[in-house]
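Encoded as structure tokens, here's the structure I'll be asking about.
The values are calculated or read from the model by the stated rules, or taken from the named source; none is laboratory data. A quick note: this is a predicted structure, and the numbers were derived from the prediction, not measured. Cβ placement follows ideal geometry from the backbone for every residue including glycine, while neighbour counts extend to all protein chains displayed.
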Ligand code: ADP
């Protein structure tokens, strides 16, 4: 069975952190559209140049661009046994595209919605730091690196992502409310498998335990 897990939630809900932990547990690749787009920007290729301003403004990249990117990634051999999608789908058009793709291959996805209190989200996003080399996420309050400002894994100086500035954070949250939140209703209406987990007060490890339990539950495996 292909393990297709969709991590869904607001910016700052912990999708990225959860996906990194979960990939070690499920041994399937973590596909983050945000990371893929940032990689194109770093490489300075034509796609990167096209999406840079959109991302810096905290608005969503065009559906056709993201759909194509994900489809290409999902056609790679390492996704055969499964994959974790993080940050995709984010609009109704993306969700319809993905569901069509999965249905065409007989793959049943599991959507996990991480629910986090709005105030916690704002605190998390404003305190977020990232390693520019390996992508590891930290938070100056809740998950600081061992040495201030330095990545535990490779010693790189941590950075604030361009879109983690306060005005941009507001824009990203507004995009989530208007474009992404309606997907919860879409998943429900279409009878897709949707599990909701309260992720406000748990450590990433506690949350991982719950996510794994959900994935391995009879309702999902059966
Ligand atoms: P977060 O979930 O914290 O906003 P991401 O790294 O997932 O962070 O996304 C960062 C930015 O990348 C988004 O604000 C958007 O501009 C772009 N992006 C990522 N995924 C998508 C997507 N599925 N559709 C459109 N734009 C996306």
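Given the options 167, 217, name the one that is more than 24 Å from residue 27 (Cβ to Cβ) and exposed (fewer than 14 other Cβ atoms within 10 Å of the Cβ).
Numbers: 217 fails: more than 24 Å from residue 27 (Cβ to Cβ).
From the options 167, 217, the qualifying one is 167.
Right, next: Which residues, counting only those in region 91-122, are touching a residue at least 60 places away in the same chain (Cβ under 8 Å), surrounded by 20 or more Cβ atoms within 10 Å (Cβ to Cβ) and farther than 27 Å from residue 216 by Cβ?
Residues satisfying the conditions are 91, 121.
Scan region 141-157 residue by residue and report those that are surrounded by fewer than 15 Cβ atoms within 10 Å (Cβ to Cβ) and modelled with pLDDT under 95.
If the condition is that a residue be surrounded by fewer than 15 Cβ atoms within 10 Å (Cβ to Cβ) and modelled with pLDDT under 95, then 141, 142 are the ones that fit.
Considering only residues that are closer than 23 Å to residue 132 by Cβ, more than 12 Å from the ligand (Cβ to nearest atom) and outside any helix (DSSP H, G or I), which ones fall in region 1-29?
Listed by number, the list holds a single entry, 29.
For residues that are within 7 Å of the ligand (Cβ to nearest atom) and on the phi > 0 side of the Ramachandran plot, tally how many sit in region 35-81.
So the count comes out to 1.
Which residue, of 42, 73, 38, is under 29 Å from residue 108 (Cα atoms), in a helix (DSSP H, G or I) and modelled with pLDDT under 95?
38
Any idea which of 36, 55 is in contact (Cβ under 8 Å) with a residue 40 or more places away in the chain and under 25 Å from residue 170 (Cβ atoms)?
Details: 36 fails: in contact (Cβ under 8 Å) with a residue 40 or more places away in the chain.
Of 36, 55, the one residue that is in contact (Cβ under 8 Å) with a residue 40 or more places away in the chain and under 25 Å from residue 170 (Cβ atoms) is 55.
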